[in-house]
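The values are calculated or read from the model by the stated rules, or taken from the named source; none is laboratory data. Please read all numbers here as calculations on a predicted model, not as lab measurements. Reconstructed Cβ throughout: ideal geometry from the backbone, glycine too, with neighbour counts over all protein chains shown. These accessible areas exclude ligands, DNA and RNA; they are computed on the full protein's heavy atoms, side chains included. Shrake-Rupley method; radii C 1.70, N 1.55, O 1.52, S 1.80 Å.
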Amino acid sequence: MFGLLIPGRLVQAEVQQINETHFVFNVEDADSINHIAIFLTGQTPFPDGYGGAVYFSFPNPTGQQWILLGVIANQKPSAIFKVTNLKSATDSTNPFGQCIPHMSHMAQIGLSIETLEELSQQTPSPQAAVSTAETFVEYSRKMLENFFNFATSFTQTQAQMSPNPTETYVPLSTVQTWYANFERRLQQNPFFWRS
């Protein structure tokens with residue numbers, strides 16, 4: 001019923017059924033994956049009014065934790081998720097129980113069949129969303145606003161520098177300082193600009 005695609009690998013169709021409503025894909029060498037695609041194979045649709053919540057689990061020192069990625073349904077039979085930033089995240093809920101002992105380099109993708117109403121009330125991890133052009137436009141706008149605000153706080157009027165009082169100047173050292181600060185904040189938290 002389900003298939004899993006990891007870029008650079010063959011399609012994985014071997015899914016372990018935990019019970020009537022829970023399924024798990026085991027993913028070896030999970031350290032090297034950045035994105036996953038989960039899909040219905042087309043052989044068996046979900047029952048009317050049902051869909052599947054897609055979860056990601058990556059072993060960590062505190063044990064196995066599950067993170068909601070999103071949903072697939074008959075109306076949306078496939079989805080792509082970014083899992084790069086989720087390998088260290090945790091969630092307190094665990095709908096699949098302890099499916100595997102703590103194993104390094106092994107992740108799991110879980111599917112929980114639930115009603116569409118239940119699925120509509122769940123909130124996927126925002127870090128699982130695949131980047132879009134809108135995200136990059138938003139990032140660029142925020143970056144430029146940050147630069148403008150920083151640079152204008154150091155402006156000097158032309159009257160302070162030369163005879164044309166209508167011009168404003170920004171010292172080059174201000175631009176260099178802004179760049180260093182922005183780069184440092186980006187390394188500490190790639191999503192700092194969203195706040």
For this session: Kindly check whether there is at least one residue in segment 136-146 that is part of a helix (DSSP H, G or I), of a type in the set (Asp, Glu) and modelled with pLDDT of 65 or more.
Result: yes
For this session: Would you tally the residues in segment 28-74 being of a type in the set (Gly, Ala, Ser), over 20 Å from Leu116 (Cβ atoms) and under 16 Å from the mean Cα position of the chain (by Cα)?
Result: 4
For this session: Any residue in segment 108-127 that's at positive phi: show its pairings with residues that are exposed (fewer than 12 other Cβ atoms within 10 Å of the Cβ) at Cβ separation under 9 Å, as long as the two are six or more apart or on different chains.
Result: none
Problem set entry | Residues located in segment 56-73, provided they are at pLDDT below 90 and in contact with a Gly (Cβ under 7 Å, 6 or more places away or on another chain) | Ser57, Trp66
Seminar exercise, completed: Apart from one, (1) open to solvent by 70 Å² or more (accessible area, probe 1.4 Å); (2) in contact (Cβ under 8 Å) with a residue 40 or more places away in the chain all hold for Phe46; the odd one out is (1)
Exercise. Is it fair to say Val11 is open to solvent by 70 Å² or more (accessible area, probe 1.4 Å) and closer than 26 Å to Gln127 by Cβ?
Worked result: yes
Exercise. For the subset of segment 16-27 comprising residues that are open to solvent by 50 Å² or more (accessible area, probe 1.4 Å) and not hydroxyl-bearing (Ser, Thr, Tyr), which member is farthest from Glu114 (Cα to Cα)?
Worked result: Asn26
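Residue-wise test of (1) modelled with pLDDT under 85; (2) part of a loop (DSSP other than H, G, I, E, B).
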{"site": "Gly3", "(1), (2)": "no, no"}
{"site": "Asp31", "(1), (2)": "yes, no"}
{"site": "Gly51", "(1), (2)": "no, no"}
{"site": "Val54", "(1), (2)": "no, no"}
{"site": "Pro101", "(1), (2)": "yes, yes"}
Exercise. Out of (1) assigned to a helix (DSSP H, G or I); (2) among the hydroxyl-bearing types (Ser, Thr, Tyr); (3) modelled with pLDDT of 75 or more, the odd one out for Ser112 is which?
Worked result: (1)
For this session: Say whether the condition of being over 21 Å from Asp31 (Cβ atoms), out of contact with any strand residue (DSSP E or B) (no Cβ under 8 Å at 6 or more places or on another chain), hydrophobic (A, V, I, L, M, F, W, C) and modelled with pLDDT of 80 or more is met by at least one residue in segment 74-85.
Result: no
